[in-house]
Amino acid sequence: MRLSSGLLVGSAVAGLLSIAAALLAMPAASLQFTLVMLLALLGYVLLERGARRVRWPVAVGIGLLAAVATTRLLWWREQADEAGWLTYGQGVATMAMSEPAREMIDRERLAALGLLLGVVCLAAGALALPSRGRRRGAVTSVLALVLLAWLGLSLGRGSDRQPLLDLAATVWPALLAAVVAIGAFALSGWRADRHWLLPLGLFLLSVAAAHACSELATAWSDWVIATGPPSDAFLEPGMRVNTSADNFPQVSWAVSAAITLAGVGMVAVGASRSSREADAA
């Protein structure tokens, strides 16, 4: 077995362990396995001979996502040591105190900026592949329009409670990440590998980015309501509280982790295979 193939297998195993840890409400372990998966995937891209056309943009994108995972792990440990409340992934809306909630929203915006940079690099790698003029590229374009409509509806529901411009000013890193991923997905049909791993990976990455944008918008809207003037709908300021004991196992965490990790992995492998097929052609 080649070293690159071994790294790919190790990446897949680490990804499965990350999803399992998320399902069992073990956020620290899940983030650690996520980091291992991304680093192994990075090694695969750097060593894979067929990734010549896409090696560096895809490698940089994966490296940026690994940096985001590292930052999240450090934040989680800081929260566990100092604040006494724990969050995982995009679960900003689970905090009950307004000041920690605002701090976490700012951190999530920073993480979303890292996600945006990573998605831009992955999209650049995918678009560096030559177009093969396949008619089935129209399929990804239509599905991309559906994703854009879903994203717009998600933000529209959030704007019912808060001004849309204020909402966009808060969630713009995650919003741009979703738009870039959807745009790359729309064009990926013409550059798809034989097994269509690249379009499928960009589709999952688009869903993950759109979900992150929706979660951040919900968290910010809840924080504004909680810290604003009291109304008849609220007896006292607060935010929705969701403890891990109430939802064990954490299916939503596991699904979110599975979509994100599978998307990144499929983009990396699909881009490498598309590059190899283009060279062979």
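Rounded, prolate or oblate: which fits segment 1-75 when a ≥ b ≥ c are the square roots of the eigenvalues of the alpha-carbon gyration tensor, with rounded for a/c under 1.5 and prolate only if a/b beats b/c? Write out the running numbers ahead of the final one.
Numbers: a/c = 3.48, a/b = 1.61, b/c = 2.17.
Taking the square roots of the gyration eigenvalues as a ≥ b ≥ c, segment 1-75 is oblate.
What is the percent of Cα-Cα separations in segment 13-54 that go past 11 Å?
62
Need the full-extension length gain, Ser141 to Ala168, defined as separation in residues times 0.36 nm minus the C-alpha distance. One decimal, nm.
7.3 nm
Given R₀ = 22 Å, what would the calculated FRET efficiency be for Val13 paired with Leu46, taking r from the Cβ atoms and rounding to 0.05?
So the FRET efficiency works out to roughly 0.70.
Could you give me the ³J(HN,Hα) list for segment 61-67, computed from phi with Karplus coefficients 6.51, -1.76, 1.60 and θ = phi - 60°, whole Hz, x at Gly and Pro?
x, 5, x, 5, 5, 5, 5
May I ask you to rank Cys213, Cys121 by accessible area, largest first, using a 1.4 Å probe over the protein chains only?
Sorted descending by solvent-accessible area, the residues read Cys121, Cys213.
Ordered by packing density, taken as the mean number of other Cβ atoms within 10 Å over each peptide's residues, highest first, how do 184-190, 23-29 rank?
Going from most to least packed, we get 184-190, 23-29.
The values are calculated or read from the model by the stated rules, or taken from the named source; none is laboratory data. These numbers come from a predicted model, not from an experiment. Quick reminder, even Gly has a Cβ in these numbers, built from the backbone with ideal geometry, and neighbours come from all protein chains shown. All accessible areas refer to the heavy atoms of the entire protein, side chains included, with ligands and DNA or RNA removed. Shrake-Rupley method; radii C 1.70, N 1.55, O 1.52, S 1.80 Å.
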